[in-house]
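Structure first, then comments.
What follows draws every value from the coordinates through simple rules; no lab data is involved. Given the structure is predicted, the values throughout are model-derived calculations rather than measurements. Cβ placement follows ideal geometry from the backbone for every residue including glycine, while neighbour counts extend to all protein chains displayed.
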Protein chains: 4
Amino acid sequence: MFWELSMIRIVIAGASGFTGAELARLLHQHPDVSVVAATSETYSGKLLSDVYPALGQAGNLRLTALAETDLTTKTCDAVFLALPHGEAQALVPKLLPAGPKVIDLSGDFRFPDTAVYETWYKRKHTAKELANKAVYGLPEFFRKEIAQAVFVANSGCFATACELALYPLLRAGLANARQLVVDAKTSPSGAGRTPANDNMLTSVSENVVPYKTAGTHQHTPEIEMILSRVTGQDVRLTLTPQLVPARRGILAVAYAPLTQSLDSGQITALYQDTYAHEPFVQVRPVLAPWPTLTCAVGTNLCVISAAVDQRTGLAVVAASLDNLIKGASGQAVQNFNLMFGLDETSGLSQCGMVP
Amino acid sequence: MFWELSMIRIVIAGASGFTGAELARLLHQHPDVSVVAATSETYSGKLLSDVYPALGQAGNLRLTALAETDLTTKTCDAVFLALPHGEAQALVPKLLPAGPKVIDLSGDFRFPDTAVYETWYKRKHTAKELANKAVYGLPEFFRKEIAQAVFVANSGCFATACELALYPLLRAGLANARQLVVDAKTSPSGAGRTPANDNMLTSVSENVVPYKTAGTHQHTPEIEMILSRVTGQDVRLTLTPQLVPARRGILAVAYAPLTQSLDSGQITALYQDTYAHEPFVQVRPVLAPWPTLTCAVGTNLCVISAAVDQRTGLAVVAASLDNLIKGASGQAVQNFNLMFGLDETSGLSQCGMVP
Amino acid sequence: MFWELSMIRIVIAGASGFTGAELARLLHQHPDVSVVAATSETYSGKLLSDVYPALGQAGNLRLTALAETDLTTKTCDAVFLALPHGEAQALVPKLLPAGPKVIDLSGDFRFPDTAVYETWYKRKHTAKELANKAVYGLPEFFRKEIAQAVFVANSGCFATACELALYPLLRAGLANARQLVVDAKTSPSGAGRTPANDNMLTSVSENVVPYKTAGTHQHTPEIEMILSRVTGQDVRLTLTPQLVPARRGILAVAYAPLTQSLDSGQITALYQDTYAHEPFVQVRPVLAPWPTLTCAVGTNLCVISAAVDQRTGLAVVAASLDNLIKGASGQAVQNFNLMFGLDETSGLSQCGMVP
Amino acid sequence: MFWELSMIRIVIAGASGFTGAELARLLHQHPDVSVVAATSETYSGKLLSDVYPALGQAGNLRLTALAETDLTTKTCDAVFLALPHGEAQALVPKLLPAGPKVIDLSGDFRFPDTAVYETWYKRKHTAKELANKAVYGLPEFFRKEIAQAVFVANSGCFATACELALYPLLRAGLANARQLVVDAKTSPSGAGRTPANDNMLTSVSENVVPYKTAGTHQHTPEIEMILSRVTGQDVRLTLTPQLVPARRGILAVAYAPLTQSLDSGQITALYQDTYAHEPFVQVRPVLAPWPTLTCAVGTNLCVISAAVDQRTGLAVVAASLDNLIKGASGQAVQNFNLMFGLDETSGLSQCGMVP
């Protein structure tokens, strides 16, 4: 159809996982794109709506095997990679020369130094030559670079929350950057759609389940690297991820030892100033209720409250986001919008639901 | 602003309850309307977003007391009444002569025969002269009448699910209309935002809680009246409402003794034919997974599966909807769209979320 | 130790599944037994508490492979089989001649007519000669037979709820036995501990998920067979199983067309009389709140309310139980107590928790 | 009856709240006590099982108004006060001279210095002369004093978790005691049974809700006072309480800056040694899964894991308990057992449930 000629043509690689399906939902509502292919190895031949009946029209995509899907500019202008960690390494070296812009949602290309990747992800990196080609996909920090990029490594879900939560404080040099704490609660959807003992209803319902505690979670070096890069400090944090019974959402509460006297009004003003022009970061006023796990669900927002506990000299900052949107697929669309010169907010919601 | 001159001006009466807040959210996304006032007795003077921070821009409405809000056509073209049951009776007699079209979400004006209302709602009706003036607000049954109406009584949440679930079968004369069963599970949000022992987390979490069982729920006569009206049969059903731990959603499973031999393919075809042109009713194919409580959450859809258990001669039909959207505020917007000659789907989603 | 000489020696086969672990918990609290072995293929060599740390002392059992575990009377007096469906068929033919009494929690030996088993479970039965040797393990119906038995086939979880819910009405000949409806909500724990898409948190949280609808669930023939046997009627029912977000619990709501006039007081009296002497069946008074999914969790109780909807001539009966206790492991202990002449309530709780 | 003569006679004041009902449940299973009265202003005249049908036989207590209940040694040997905060102050001055031993579950008498109470609880203390008469009811720290006491102020739910989590580290002088963090997740049942917006299903389901953040929660000074008293350090911490969707349970994760080099094996050994003889504190081995919110539900246990994050020099310690048992009523029974020279574990479970 004629009107489609002006549409940006998209392929979703890995459409039957949670982030892939969420991309399908978001892109269906996007006025400027047309999803021309969606891949899945497990469900190739089926419609995406066979896998996710609730998607309705957004699921009206015939799934194809990756190997049988054309990923050149003949077919598509951009490819979103929503593949299991590790698979982008094999694909990207072939994909980039073929011409489409690439947004990778995995952790594969977030680290210019692949030794860090190999240490924390416990696997070899097979495309080291491309490791420093990707722009880190957090628009609030790297908007200009993303706008110029042909290859973006989307930031991780915990990473996005932690980075936005700690950046203003660290950039201003107000906290001890080497003894940061983040206590983070997440929906098990962050681990994807593969069934496992840990993500069963009977494991998580009515529960809070710590895992990869005391400095072992693979998002730790990503957060430290990015925060160090943008604040000029040498950042160290301990992250305690915890599964909570929720279909979506991350709530990260960060604690930072202050190096200067500061009150809750001042820290809030600092955060509000820092993010004043950000369409997807909301900083709550001093006396307002703090963000909850659900408050950003369904939106591309990261909602933040910050305060100072004068008695201990600690800053306390909470950040909430939808792990599948601002923590993954929405962030990817935001990056895509920048890469193609579109309105950054296109196709992305800033309005949550109650209850 | 100039462009607002062409907007349809809306007042939400009772904006701080769940259905009122949901109206604010839906109307914020509606291209043709401008919400000019939103009332609340409890929170007058505050912003709606103070009560529901997650609403974001959709909550940027200053709440006013009803008595201080102009409800004439000088200010508004339509008023949505999202008030506690019983309060519309006092307001509507003043409101209709003032000119705006009225969509009432309560049960106050669903019954032309107010004796039925008084029996089941256990209170006096104080506006009997208007009881037969309202059109029943279920577009799938009364689209033409709604399009002509100035006063619509929005159908109830259980009622919408039960009526859409049973209509095709009863209209075709295939079932014993006097011994119908509906086993219905609902989010406690259906009872509104007032705290009570029954809607505490500790009462409903991990639980299923039957209430108003064995022919005592006030939606029973509404369902019977409407189904009798549109099918020409004398309908009787028993409804077993049950609270389940969900923020939103109704799943109604209906059982009807068949009076003729029928198989699952035939009953599915009957439902698909009946609703073939309905934008907000989806009938699942024979072998597809059945609708779940969450499958329509966030949308204005009612999703249906139908089958026959040959061994017992019973039809089994499941219908799922978002109790605050298709069961309340979305239905109200759909009715509004019809009343103002707009696209019936304007501002309403047909695409759900996963997970 | 000397005092242990008088203990009844137990083996739990399949201890690392949910019902096996629950047996370990219950038997740990039982004054008259000593668990001498607990088998697991997956975890052999580990402690049960490695798999289920919350079990504490009750999990202090070293797991062994079944093939390496002595199941003769040299070692044990009773064997509980908590194996996947189908595995008991291979084991029981060797086990019974070895002498210990056997309580099988699976569906393998519930049907004297193995053709029924083969049709509904869609697999061959490999021990047909033993199919009529097992006593059906529902003490409320077969207490005497169980007390004499060496081999008991424990009743299923849905089956226990449905049978106790419908028995008084059908025995009294008050309902049409051939058009019964049971709408049943269950914890996904009923399907065991194997991860699958259907039992993930993201599938079931905030959800109600119908499955095996319209006459396809394999508990259907069990319920019909047993109710026919004990009431003398030819029973037919349609069962709609639905997953709900709960770690434990079943709530079954049954609907039966009455053949005689009856009121809620009379039906309640009938149920109270029928179960007056049952230690584990509680019938709620007429105006009391109905049983909820959680009300029997942690106990061996089945809690029942019954009423009549006069307008439709339908009886409505709700039955709630803990699917892992009265629906499986508790029932098995109750059967065991009878088989060994112990107090029937030994080791079993009748007191639930709030909240 | 003769056998009852030897029973210790108990009154539960405030039996219809969550902790009062939980006391009824626990004491029903206690071999050495007889509950002779249970008070409730709201439900006086009813049975406790009318309020909590699930309690079964444990709820077979006729509720009486406090003013009409004899609280002297003529009737009872011990009184458990499970009253709203503030009410014990009015009662205890009359109660103690009457002779029964008293266990108060409220915060009223935890502070010898009532100025601290008045500052944090924001109300006057009306029984200052008794403020230093109560022994703080945490057996792990004050076992001997409790055994001698006639008046015990039961430790708070958050306080119990935090104190047990931080004690070994602080007593050993291994951490900076003035910059401690506790990120604590709790069931809303901790706030009792009074309905409020904050504890509705629609507020907490699928959610994590921070409240009283950044040094404002009233358990803060209790924890600091007790830890300072038993470790000889000047303790300061910031507590971030968060509501999670669970009927019961607290999971507290504590973070402490180490002042000496230490590894996870050493800190675990320290905790295991410290609590080696405690019947209700379990320390998990180094590589075992960490305690989850549900792992102690139904028991009087506090389950702990400890580790060191070498990269940041922080100790990370998680403690989990059932807020209504070890955090309230079970702790009260444990204290009671000590006060009356009974086995400390009598009537209290150490075995949790799975799932």
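Mean per-residue shielding of peptide B:313-323 is 3, counting Cβ atoms of other chains within 10 Å of each Cβ.
Using C-alpha pairs under 8 Å with a sequence gap of at least 6, the mean separation divided by the residue count of region A:47-94 gives a relative contact order of 22 percent. Inter-copy label distances at B:N176, using a point 7 Å along Cα-to-Cβ, come to 0.1, 7.7, 7.7 nm with the shortest given first. Loop-located trypsin sites (Lys or Arg not before Pro) in region D:59-109 (DSSP state other than H, G, I, E, B) with a sparse environment of at most 14 neighbouring Cβ atoms within 10 Å: D:K74.
Every Cα-Cα pair in chain C was counted, and those over 25 Å apart are 51% of them. Spatially, region B:156-234 and region B:19-79 are offset by 29 Å when compared through their Cα centroids.
Highest mean packing first, where packing is the average number of other Cβ atoms within 10 Å per residue, the peptides B:243-251, B:295-303 line up as B:243-251, B:295-303. Using the Cβ of A:P195 as centre and a radius below 13 Å, the other residues enclosed give a net charge of 0, where K and R count +1 and D and E count -1.
Treating each Cα of region C:288-331 as an identical point scatterer and summing with the Debye formula, the log10 of I(q)/I(0) at q = 0.23 Å⁻¹ comes to -0.71.
Label point of B:N60 (7 Å along Cα→beta-carbon): distances to the other copies' equivalent points are 3.4, 6.5, 6.5 nm, sorted ascending. Shape of region B:205-299 from its Cα gyration tensor (a ≥ b ≥ c, root eigenvalues): rounded if a/c is under 1.5, otherwise prolate when a/b > b/c, or oblate? In terms of gyration-tensor shape, oblate. How charged is the neighbourhood of D:L105? Take every other residue with its Cβ under 15 Å from the Cβ of D:L105, and add Lys/Arg as +1 and Asp/Glu as -1. Within the 15 Å Cβ shell, the charges total -1.
Placing +1 on the Cβ of every Lys and Arg and -1 on the Cβ of every Asp and Glu, with nothing else charged, gives the protein assembly as shown a dipole about its Cα centre of roughly 0 debye. For chain B, averaging the sequence separation of C-alpha pairs within contact (under 8 Å, six or more residues apart) and dividing by the residue count gives a relative contact order of 17 percent.
In the protein assembly as shown, helices alone account for a calculated mean residue ellipticity at 222 nm of -8000 deg cm²/dmol, with every DSSP H run of four or more residues adding -39,500 (n - 2.57). Quick one: go through region C:313-351 and flag any residue whose amide nitrogen is under 20 Å from the point 7 Å out along the Cα-to-Cβ line of D:L47. Hits in region C:313-351 for D:L47 at 20 Å: C:318-321, C:349-351. In percent, rounded to a whole number, the relative contact order of region D:67-195 is 20, using alpha-carbon pairs under 8 Å and six or more apart.
Calculated translational diffusion coefficient of the protein assembly as shown (20 °C, 1.002 mPa s; Stokes-Einstein with Kirkwood radius over alpha-carbon pairs) equals 65 µm²/s. Mean partner shielding of peptide D:280-287, defined as the number of other chain Cβ atoms within 10 Å of each residue Cβ, is 1. A simple count of charges around B:G20, restricted to other residues whose Cβ falls under 13 Å of its Cβ and scoring Lys, Arg +1 and Asp, Glu -1, yields -2.
Under the combined filter of DSSP loop state and at most 16 neighbouring Cβ atoms within 10 Å, region B:177-276 retains these chymotrypsin sites (Phe, Trp or Tyr not before Pro): B:Y211.
For the residue pair C:D343 and A:K128, what label-to-label distance in nm results when each label sits 7 Å from Cα along the Cα-to-beta-carbon direction? For the pair C:D343/A:K128, the computed spacing is 7.2 nm. Per residue, the convex hull around the alpha carbon atoms of region A:136-259 comes to 108 Å³.
Along the axis of the charge dipole computed for region B:122-208 (Cβ charges of +1 for Lys and Arg, -1 for Asp and Glu, origin at the Cα centre), the listed residues B:Y136, B:P195, B:L170 are led at the positive end by B:Y136. In this structure, the pairs whose alpha-carbon distance is over 28 Å, taken from B:K74/B:K133; A:K326/C:K185; D:K94/D:K185; A:K185/B:K212; C:K46/C:K144; A:K212/C:K326, are A:K326/C:K185; D:K94/D:K185; A:K185/B:K212; C:K46/C:K144; A:K212/C:K326. Across the identical copies, the 7 Å label point of A:T345, projected outward along Cα→Cβ, sits 2.5, 6.2, 6.5 nm from its counterparts, in ascending order.
Of the trypsin sites (Lys or Arg not before Pro) found in region D:103-141, the ones in coil according to DSSP and having at most 11 other Cβ atoms within 10 Å of their Cβ are D:K122, D:K124. The overall shape of region A:121-180, judged from the alpha-carbon gyration tensor, is oblate: a/c is not under 1.5, and a/b is no greater than b/c. Of interest is the spacing of the C-alpha centroids, which for region A:300-355 and region D:291-355 amounts to 37 Å.
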